[in-house]
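Engineer: Sharing a structure, written as structure tokens. Questions coming.
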Amino acid sequence: MFREETVTKTLEALCKKVRSYDPQADIALLRRAFAFANEAHAGQKRATGEPYITHPLNTAITLADMLLPLPIIVAGLLHDVPEDTSRTLEEIKAEFGEDVASMVAGITKLSKIKYRGMERYIENLLKMFLAMAADVRVVFIKFADRLHNLRTLEAIPPKKQYRIALETLEIYAPIANRLGMGEMKGLLEDAAFKYVYPKEFAWISELAQSTRKGKEEYVANVIEKTKELLIENHVEFLDVHGRAKHLYSLYRKLLRHERNIARIYDIMALRVITNDITECYAALGIIHSRWAPLKGRIKDYIAQPKPNGYRSIHTTVFCEDGEIVEFQIRTRAMHLENEYGIAAHWAYDQQAKAHPHAAKNEPLPPWVQELTRLQTDLADKQKALTSLEEVKIDVFRNHIFVFTPKGDVIDLPEDSTCVDYAYAIHTDIGNTCVGAKVNDEPAQLSRVLKNCDMVEIMTDKSRKSPNPDWLDFVKTRHAKTKIRQMSRSKISSWIKGILPTKGKNKK
Ligand code: MN
């Protein structure tokens with residue numbers, strides 16, 4: 001039976017967590033957002049039988065685990081309110097301001113995307129995420145939302161479980177990876193794994209458990225030895241800790257190595273976290289002087305980062321008692337970025353209390369540079385933490401993505417109008433369009449569309465041809481061509497109409 005105290009406890013844990021990385025955070029605001037959501041969802045239950053509020057609350061906890069700023073956590077608490085309760089987006093706006101409301105609106109729109117065949121769906125969702133990345137904070141909330149849904153998947157029918165888990169592996173996790181969010185990718189994959197590949201999941205969990213069994217003491221010992229070694233040699237470091245490989249990632253790796261666990265050297269890895277890059281290389285040297293490295297197993301992802309921006313030095317050594325151990329050496333800034341990716345740029349770093357790169361003056365990975373180029377004032381650290389809405393992913397610059405009423409995504413050039421949209425859907429719809437609705441409001445056909453608008457076109461089948469005046473405002477070449485074609489054939493048939501039926505005008 002579910003107990004009310006659990007909710008209270010979770011809320012207190014959330015407040016404590018936020019205060020731990022942002023002592024100045026407005027906790028009263030956080031409590032207000034909770035109270036608002038709690039009241040709005042009152043009486044609603046999750047499929048698990050728990051009160052609905054446990055879902056937004058756990059979503060908010062995941063966001064706080066990523067050390068994200070308060071407005072994102074507030075939006076996380078409110079993310080299902082407009083969709084699932086009688087409280088509206090306007091009320092959220094009045095109560096919590098424009099910024100929070102715009103994030104909640106983004107999430108609400110994302111939830112409208114429908115499943116319609118895997119191929120089309122992937123294409124749609126991928127585009128959608130990129131469009132949504134106009135405010136990447138919405139994507140963070142979506143990940144946190146999805147993670148909790150996966151963790152409570154037990155309660156829903158198997159067919160739906162499979163679909164949600166598969167989407168996670170095929171879409172959400174790769175996007176998390178693209179955004180450099182290694183930890184989120186791992187969490188999503190591990191939560192989805194058992195629903196998509198139940199047998200393999202059982203096999204891997206068993207394998208991982210038996211391989212790790214009895215290793216804890218060994219690892220603790222090597223951690224101590226490493227710390228001593230670094231201290232003796234005057235190499236400064238912030239932390240040495242062990243990390244267990246995520247299960248799904250272990251599974252993928254086993255598939256690449258003939259399912260032979262003996263060939264996987266990083267089931268358990270040790271991480272050395274330093275202040276700066278020089279210390280990384282110093283630590284590498286010291287570790288190699290004590291334990292011989294395996295040939296061909298040194299990877300310098302600091303000098304050559306992975307395409308998603310991952311940076312670290314990896315080396316595999318013959319460690320104590322001849323056991324094979326992988327070390328991963330990186331600075332604290334790199335570590336935060338490897339774990340939280342793009343989110344790390346807004347995470348409160350207790351030591352640097354700012355953007356890790358701004359603090360360290362290290363070069364940004366290219367994809368982050370691309371993003372931050374659009375951020376107005378990165379130098380102003382306080383502002384960088386709050387003015388997130390200006391950040392855009394540039395991959396699809398000059399493109400916008402708009403929804404059909406059924407949740408499909410249409411990709412158009414910037415400044416496209418309702419008529420461009422109509423022609424993008426189908427030539428007949430373009431030719432016969434007479435009116436439009438944008439986000440449920442009536443709109444002129446010449447209306448310039450914005451990212452994530454939901455557009456509906458009214459047609460009149462009796463309309464014979466498009467209006468040539470549309471040529472003044474349409475943006476796409478496709479629409480222009482079609483309008484000209486139709487206008488020409490209209491004119492020629494009109495000419496034919498007024499000409500005598502026989503003769504004279506033969507060409
Ligand atoms: Mn939700």
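The values are calculated or read from the model by the stated rules, or taken from the named source; none is laboratory data. What you are looking at is a predicted structure, and each value in this text was computed from that prediction instead of being measured. When we count neighbours, we look across all protein chains shown, and the Cβ atoms used for this are built from the backbone with ideal geometry, even at glycine. To get the accessible areas, we keep the full protein, side chains included, count just its heavy atoms, and leave off ligands, DNA and RNA. Shrake-Rupley method; radii C 1.70, N 1.55, O 1.52, S 1.80 Å.
Engineer: For the stretch 136-146, what does the Karplus curve 6.51 cos²θ - 1.76 cosθ + 1.60, with θ = phi - 60°, yield as ³J(HN,Hα) per residue in whole Hz, taken in order and with x for Gly and Pro?
Structural biologist: Taking θ as phi minus 60°, the curve returns 5, 4, 5, 5, 4, 5, 4, 4, 5, 4, 4 Hz for the stretch 136-146.
Engineer: Okay, next question. How much of the accessible area of the stretch 171-244, in percent, comes from carbon and sulfur atoms when a 1.4 Å probe is used?
Structural biologist: 52
Engineer: Now for a separate question. In the structure shown, do any of LYS159/LYS215; LYS194/LYS450; LYS142/LYS450; LYS142/LYS215 have a Cα-Cα gap over 30 Å, and if so which?
Structural biologist: LYS159/LYS215; LYS194/LYS450; LYS142/LYS215
Engineer: Taking H placed 1.01 Å from N in the peptide plane, check which residues at least 5 places from LYS475 or on another chain put their amide H under 5 Å from its amide H.
Structural biologist: For LYS475, the qualifying residues are THR417, ASP420.
Engineer: Taking amide H positions as placed 1.01 Å from N in the peptide plane, with prolines and chain starts having none, which residues 5 or more places from ALA436, or on another chain, fall under 5 Å of its amide H?
Structural biologist: The answer is ALA443, MET458.
Engineer: Using θ = phi - 60° and the Karplus relation 6.51 cos²θ - 1.76 cosθ + 1.60, list the HN-Hα couplings for the stretch 438-455 in order, rounded to whole Hz, with x at every Gly or Pro.
Structural biologist: The phi angles translate into 10, 6, 6, 9, x, 9, 5, 5, 7, 4, 7, 8, 10, 3, 6, 5, 9, 10 Hz.
Engineer: Here's another thing I want to ask about it. Can you list the HN-Hα couplings for the stretch 284-291, worked out from phi with the Karplus curve (6.51, -1.76, 1.60; θ = phi - 60°), rounded to whole Hz and with x for Gly and Pro?
Structural biologist: Whole-Hz 3J(HN,Hα) from phi for the stretch 284-291: 4, x, 5, 5, 5, 6, 8, 10.
Engineer: Would you mind getting the accessible area per residue of the stretch 155-311, heavy atoms of the protein chains only, 1.4 Å probe, in Å²?
Structural biologist: Using a 1.4 Å probe on heavy atoms only, each residue of the stretch 155-311 averages 51 Å².
Engineer: Which of the peptides 20-33, 142-155 is most tightly packed, and how do the rest follow, going by the mean number of other Cβ atoms within 10 Å of each residue?
Structural biologist: The most tightly packed comes first, giving 142-155, 20-33.
Engineer: For the stretch 398-498, report the accessible area per residue in Å² (1.4 Å probe, heavy atoms, rounded to an integer).
Structural biologist: With the other protein chains kept in place, the stretch 398-498 gives 55 Å² per residue.
Engineer: Could you pull out every residue, at least 5 positions away or on a different chain, whose amide H is within less than 5 Å of the one on ALA47? Hs are placed 1.01 Å off N in the peptide plane, and Pro or chain starts have none.
Structural biologist: When sequence neighbours closer than 5 places are left aside, there are no close amide H contacts.
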